[in-house]
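Since the structure comes first, as structure tokens, the remarks are kept for the end.
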Amino acid sequence: MTALAAVSSVAYRAQQIALVSACGYVQRVARRVLMREREVFSPEQLADLRRRHRALIARDVANVEAGIYPRALLFQIPFADYARRLPRLAWDVPAMLQRRARGGWRELPRDIDLSRYPPYYRRTFHWQTDGYLSQHSAELYDLGVEFLFGGTADVMRRQALVPLIELAGRDNRPLRILDVGCGTGRTLAQLRRACPRAQLTGVDLSPYYLEVARRETASSPGVELVAANAESLPLPDASFDAVVSVFLFHELPRAARRRVWSEVRRVLKPGGSFVVLDSIQRADARAISYFVDRFAEDMHEPFYRDYLDDDLAAGLEASGFRVSTVSEAYLAKVVTARVPEVASKE
Ligand SMILES: C[S@@+](CC[C@H](N)C(=O)[O-])C[C@H]1O[C@@H](n2cnc3c(N)ncnc32)[C@H](O)[C@@H]1O
């Protein structure tokens, strides 16, 4: 390793420790002051979270040092942009807390046609203003998620890139890759840098989030964005080498989750890969059930409890995929699966 690489790894670790400490501190103070809540986690639980955090950062650095993805990804949090948005997010937090207190999960913008969206989607997920259905929400989302996860949201997301990069191989094959529930495009943007020859497509239900994704990927040719329900993808059969999905399935009811898996299977070529990155689940997370159990109420995630018990690997197998690996990445897990070369009759 060169001296420059060693210095940048140390700088990256320092950045991540500073971010997780600062965000954690602000969250604790905010809970105490705004919600009159005392310490949420015991010292043992905090130690466990810190151990998981260290393991994620070590895995990220190891991926860079193994040449799996570019070092530049370690430093791609847009700090200046987030600093500009911070006052708007801070201004919004009291409104979110009040919405939580009055249970205002139906408080969506009045000037949009809600009938275009499935019932489970018409809600203020995370108690965020306008749910997923406004430019305001789309512009604050990434900052809010990075703050919630102490600067690890993009780090967790890029653990889903690893199997896709391996699939592209050393000669960087021009794969066709679909990101289902791509949101504001954070995974697509990282994928674009890691697999520059891939043709990327992102699908999301929110036209507002796709607008941010369009800006996020504007400088990258070969990224197509489609506003659609992932339960019925407007895409041809067997048209993708790989599909990735990040932080989507915990927000869907079980039946919708299965319909999306069936659509993913349809659009994948025989032998194609499906990489899912989402929250850890009950069976993985016994040790941190204190954390995941709070999430459903705190963040208005009504389908999260069902997700916790709907083991991804078992569900994907039952939906006709062959699961090859399952690994944990801090508060997330990565499941890689394949469509069999010869379609089974299931
Ligand atoms: C928690 S966000 C995750 C977004 C993004 N993948 C990320 O890593 O930040 C869930 C995303 O899934 C989208 N979504 C939810 N249900 C959907 C559906 N049925 N079809 C397409 N997108 C959906 C939402 O609009 C939102 O952008």
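The values are calculated or read from the model by the stated rules, or taken from the named source; none is laboratory data. Worth saying up front: this structure is predicted, and the values here are computed from it rather than measured. Reconstructed Cβ throughout: ideal geometry from the backbone, glycine too, with neighbour counts over all protein chains shown. What goes into the accessible areas is simple: the full protein's heavy atoms, side chains included, and nothing from ligands, DNA or RNA. Shrake-Rupley method; radii C 1.70, N 1.55, O 1.52, S 1.80 Å.
Points worth noting:
- Any hit, the range 274-288, residues being in contact with a Lys or Arg (Cβ under 8 Å, 6 or more places away or on another chain) and open to solvent by 10 Å² or more (accessible area, probe 1.4 Å): yes
- Residue among Asp92, Asp48, Asp81, Asp60 that alone is closer than 28 Å to Leu164 by Cα and acidic (Asp, Glu): Asp60
- Residue within the range 96-103 that is surrounded by fewer than 18 Cβ atoms within 10 Å (Cβ to Cβ) and of a type in the set (Gly, Ala, Ser) present: yes
- Meets criteria (closer than 30 Å to Asn172 by Cα, open to solvent by 60 Å² or more (accessible area, probe 1.4 Å) and out of contact with any helix residue (DSSP H, G or I) (no Cβ under 8 Å at 6 or more places or on another chain)) for Val33: no
- Of all the listed residues (Pro221, Pro236, Pro253, Pro196), the sole one being without any contact (Cβ under 8 Å) to a residue 12 or more places away in the chain and over 22 Å from Glu139 (Cα atoms) is Pro221.
- Within the range 122-137, tally of residues that are in a helix (DSSP H, G or I), more than 12 Å from the ligand (Cβ to nearest atom) and surrounded by 21 or more Cβ atoms within 10 Å (Cβ to Cβ): 1
- Residue ranges of strands (runs of 3 or more DSSP E) in the range 148-266 with at least 1 members within 10 Å of the ligand (Cβ to nearest atom) and more than 30 Å from Gly24 (Cβ to Cβ): 176-180, 199-204, 223-227
- Residues of the range 16-47 satisfying the condition of being β-branched (Val, Ile, Thr) and part of a helix (DSSP H, G or I): Ile17, Val20, Val26, Val29, Val33
- In the set (1) under 24 Å from Ala22 (Cα atoms); (2) open to solvent by less than 20 Å² (accessible area, probe 1.4 Å); (3) within 12 Å of the ligand (Cβ to nearest atom); (4) of a type outside the set (Val, Ile, Thr), the condition left unmet by Leu140 is number (3).
- Some residue of the range 7-28 being among the hydroxyl-bearing types (Ser, Thr, Tyr), within 18 Å of Phe79 (Cα to Cα), open to solvent by less than 50 Å² (accessible area, probe 1.4 Å) and not assigned by TED's automatic domain parsing to the domain that holds Ala90: yes
- Residues that are among the β-branched types (Val, Ile, Thr) and within 15 Å of Cys182 (Cβ to Cβ), drawn from the range 142-162: Val145
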